[in-house]
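Data first, discussion second: the structure below is written as structure tokens.
The values are calculated or read from the model by the stated rules, or taken from the named source; none is laboratory data. Just so it is clear, the structure is predicted and the values come from calculations on it, not from any experiment. Please note: Cβ atoms are built from the backbone with ideal geometry, for glycine as well, and neighbour counts cover all protein chains shown. Note: accessible area is taken over every heavy atom of the protein model, side chains too, but ligands, DNA and RNA are not part of it. Shrake-Rupley method; radii C 1.70, N 1.55, O 1.52, S 1.80 Å.
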Amino acid sequence: MSRWLQIHVPVWLLISLLSLVCWQFFLRRGLRGISCLALLSLCLSLGGARHQMSRNRIEEDDLFTFATESPQPVRLIAEVDSRPVLLSETDVTAFSAWQNPNRTIFRARCHSLNRGHGSTPVSGIAQVAVNGHLSDLRSGDVIEVVGHLRVPPPPKNPGEFDYRDYLRNQGVHTLIRADFPEAIEWISRRRENDWRRWRDVVRDRCEQLMAEHVSDSTRPVAEALLLGRRSDIPDDVRDAFAESGTMHLLAISGLHVGILAGALWFLCRCFNLSRRSSVLFLLLTIGLYAAVTEARPPVLRASILLAILAAGRFQLRQVDAVNALAIAGLIILILNPTDLFNTGAQLSFLAFAAILWMTSFSRRWLSGREAVQLRSDGSEAGFLHRTKAYVLEWACVGYLVTAAIWAFCTPLIVYEFHLISPIGFIVNVLLIPVVMVAVLLGFAFLVLGSLSKVLAVLLSSGLDFVLDLLLDVVRWTASLRTGHFYVAGPEGWWVGAFYLLLFGVIVFPRHRRWRVAGWCALWVWILVGLIDGMWPTRSTNLRVTFLSVGHGCSVVIENPKGSVLVYDAGSINNARRARSIVQSAIWSRGHSRINTLVLSHADIDHYSGAAGLLNNGIVGSLDVARSFLDFGQTGVVDVCDKAAHNAVPIRLISRGDRYRSDPTVECRVLHPGSVAMQNDNANSVVLLIEFSGRRILLTGDLEEDGLQRVLSRPIEPIDIMLAPHHGSRNSNTKALADWARPRWVVVSSNRTQMLPVLKQIYGRESAVLSTAESGAVTFEISPAGEVHSIPFLAELRAE
């Protein structure tokens, strides 16, 4: 909140003082609800002040003061500050033979910097990325890194994930990229008594045990469930968990910590340990587990809550769960204030608050356990009757709690991830027993399997079976077409108002009139949000955005009546990023669907993200030329399969086709004809879009014979043109410049070397823009024909 409002520290402190006064004033007068609001305001304002101080604090010798947006070669001596994580690209076929699809990521505490003219002492934390696998690197090692230093790049597209802001919230302001593992040289190993060494040894042993005994298909899920490591989960599995509404099962949180605590307490009771010994053993084990899983915010929240509850049991005192939740939030706020602004931490706190709230309403089911022991005639009920009653009771309470969690968390999930998964409401309760068995088997495997290979084989077989069952259920529920929906999502102001109303309903439960009015207001507000989300975004202007996808191409056309046409959706080496950029761009504009997706030709950098868009069910129709259907390419087959699975019609287009994407927007296909050429680039679909007397020409990778055929037909001057083949010299000829006479030329590429040449080719009358230099480039055309260009990075800097 503090980074959105941009409130300075003194203002936050003044709000804190006023909130403190109001809290004491209303508390002494017995106004519990208003005093709670004042206390919440006090916590939020203190958190905002602490957040601003930690976020904006940069020392004079920080490495950030030497970094620029352009990479510069450096030699850095630093201490490894985090456990290195290996990221593997799942689509290895997209990489050339000389490229390494693996990257090792870690954070380093900087000591000295050498930029070619002597060493300079520096401080601060840098994010280091090394192409390749560094298997021997450990936390606490002092190393020398030879690489390129730069500040994290800003987002280049509307709605894109702000990686720079994310790192800044973690106290990281610089990036260092090394091209080879040999660029890392060890100066000294970490100390033997460093606690991080023992943490990494335990974690490495657990991972090694899983690699030896757990199958490759289930091992990534097992590592996520037990150790919190999700970097190895394949994209399709990650998407399946998200779309089935069960992604939270992969994030270690209160569920996993609670299962472990329950198992430990049961063992303590079996060995007849005293209450004090049991509590101490429980606290010690949970603390070690939190350390091994790197104490992420959800784990830390659950561990703190458990410690508070266990301490109360140790003192034979009852602990107020709401107060315990507040204390956990304050502790996390003190340790790292940015963690409370992490979506995972926010969802964790919301879910626990929902459980607490719903528990008070489900006590009548829990208090009826003794009643089910007797029949209506007063005799004792049989085993089957009691079992049936317990199962029904468990299901009722489970679905009530799930409904509360769903109601509390869904607005934030839709706002952040643009996904609604109704199927998750049904399947989550059914999967809880499966997850409990998997977690218990997993912990038993890690502990006992390290002692005996026989036990390791037996327990890993059971773990594989349970995880296979879990994956089968998740994949099946994710495949249901009506089980999940991708939507544009509500505005931030709507989400903020929703949680204020929800807080009011919870805080004022004793005042019936206020409670009824609060619930009515909440439901009306939900209805307003649903109507606003389903209502298509309309404008009188045509909006054309050339997205920055690196070496690739994607153009989003927003029509005045609200329909969306996307021309190409690809990026070389990173299909997931291409899909994410396109989705985020349309969602940020309030659109939930792509009415028409046009793919120019069958080069991977022009369609790599198309399969993901089709699989998400947000595409209305797919337009391709006949030459695109090269079924020798697995990517093309995947696109067609995804279109068929999601009932998306495929339309074949060719020269001479005309259609209207909007009553005022006409699209004409200028190329290719019915006869395909041998060169795939020459078969690129060339689309001419006309609106209010203005013309936009989209050219794909047009070159050679295809280019000559297009130039053989006269055309009126073009206003906006996509430079063919990413601005290559062979495609952007003087003949093309004389034929099109464009006012603006946009180059979709990740390089800027060709810009001077292109400016010379197209002349002074044409403005040449590059997505590598300007980020996404947007043009707005009014009904009167006025054209305004909006480079995204220039607009971002102006803000």
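What the table below lists for this structure:
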quantity	calculated
Subset of segment 138-155 [open to solvent by less than 60 Å² (accessible area, probe 1.4 Å) and not in a strand (DSSP E or B)]	SER139, GLY140, ASP141, VAL151, PRO152, PRO153, PRO154, PRO155
Which numbered condition LEU86 fails, given (1) open to solvent by less than 70 Å² (accessible area, probe 1.4 Å); (2) modelled with pLDDT under 85; (3) over 29 Å from ASN573 (Cβ atoms); (4) touching a strand residue (DSSP E or B) at 6+ places or on another chain (Cβ under 9 Å)	(3)
All positions within segment 688-721 that are part of a loop (DSSP other than H, G, I, E, B) and on the phi < 0 side of the Ramachandran plot	THR699, ASP701, LEU702, GLU703, SER712, ARG713, PRO714, ILE715, GLU716, PRO717, ILE718, ASP719
Lone unmet requirement of (1) surrounded by fewer than 21 Cβ atoms within 10 Å (Cβ to Cβ); (2) closer than 24 Å to GLU558 by Cα; (3) free of Cβ contacts under 8 Å to residues at least 40 places away in the same chain for VAL745	(1)
Residues being surrounded by 21 or more Cβ atoms within 10 Å (Cβ to Cβ) and farther than 13 Å from ALA438 by Cα - total across segment 214-226	1
Residue match in segment 600-610 (condition: in contact (Cβ under 8 Å) with a residue 12 or more places away in the chain, closer than 19 Å to LEU697 by Cβ and part of a helix (DSSP H, G or I))	yes
Matching residues, segment 753-768, being of a type outside the set (Lys, Arg) and either on the phi > 0 side of the Ramachandran plot or open to solvent by 20 Å² or more (accessible area, probe 1.4 Å) (or both)	GLN753, MET754, PRO756, VAL757, GLN760, GLY763, GLU765, ALA767
Residue among VAL434, VAL457, VAL427 that alone is over 28 Å from GLY489 (Cβ atoms) and either in contact (Cβ under 8 Å) with a residue 40 or more places away in the chain or surrounded by 21 or more Cβ atoms within 10 Å (Cβ to Cβ) (or both)	VAL457
Within segment 264-281, tally of residues that are open to solvent by less than 30 Å² (accessible area, probe 1.4 Å) and either small (Gly, Ala, Ser) or in contact with a Pro (Cβ under 7 Å, 6 or more places away or on another chain) (or both)	1
Long-range neighbours under 8 Å by Cβ, at least six apart or interchain, first residue closer than 9 Å to LEU113 by Cβ and open to solvent by 40 Å² or more (accessible area, probe 1.4 Å) within segment 56-79, second acidic (Asp, Glu) and in a strand (DSSP E or B)	ARG75/GLU144; ILE77/GLU144
Restricting segment 700-720 to residues that are crowded, with 16+ Cβ neighbours inside 10 Å and touching a residue at least 40 places away in the same chain (Cβ under 8 Å), the residue that is nearest to VAL669 (Cα to Cα)	VAL710
Any chance VAL172 is over 18 Å from PHE106 (Cα atoms), in contact (Cβ under 8 Å) with a residue 60 or more places away in the chain, within 28 Å of the chain's Cα centre (by Cα) and open to solvent by less than 30 Å² (accessible area, probe 1.4 Å)	no
Members of segment 609-662 that are open to solvent by 40 Å² or more (accessible area, probe 1.4 Å) and of a type in the set (Val, Ile, Thr)	THR634, VAL637, ILE650
Matching residues, segment 663-683, being open to solvent by less than 60 Å² (accessible area, probe 1.4 Å), over 20 Å from THR545 (Cβ atoms) and either aromatic (Phe, Trp, Tyr) or within 40 Å of the chain's Cα centre (by Cα) (or both)	ARG668, VAL669, LEU670, HIS671, PRO672, ASN679, ASP680, ASN681, ALA682, ASN683
Qualifying residue in segment 529-552 (condition: at pLDDT below 90, of a type in the set (A, V, I, L, M, F, W, C) and surrounded by 24 or more Cβ atoms within 10 Å (Cβ to Cβ))	no
Criterion (at pLDDT below 85 and either part of a helix (DSSP H, G or I) or under 28 Å from PHE445 (Cα atoms) (or both)) met by exactly one of ARG238, ARG196	ARG196
Qualifying residue in segment 719-726 (condition: aliphatic (A, V, I, L, M) and farther than 27 Å from SER627 by Cβ)	no
Cβ pairs under 9 Å, 6+ apart, first in segment 276-292 and within 23 Å of SER82 (Cα to Cα), second not in a helix (DSSP H, G or I)	TYR289/ILE252; ALA290/ARG296; VAL292/GLY228
Criterion violated by ARG164 - all others in (1) part of a helix (DSSP H, G or I); (2) in contact with a helix residue (DSSP H, G or I) (Cβ under 6 Å, 6 or more places away or on another chain) satisfied	(2)
Index of the failed condition, PHE408 passing every other in (1) at pLDDT 80 or above; (2) more than 23 Å from ALA478 (Cα to Cα)	(2)
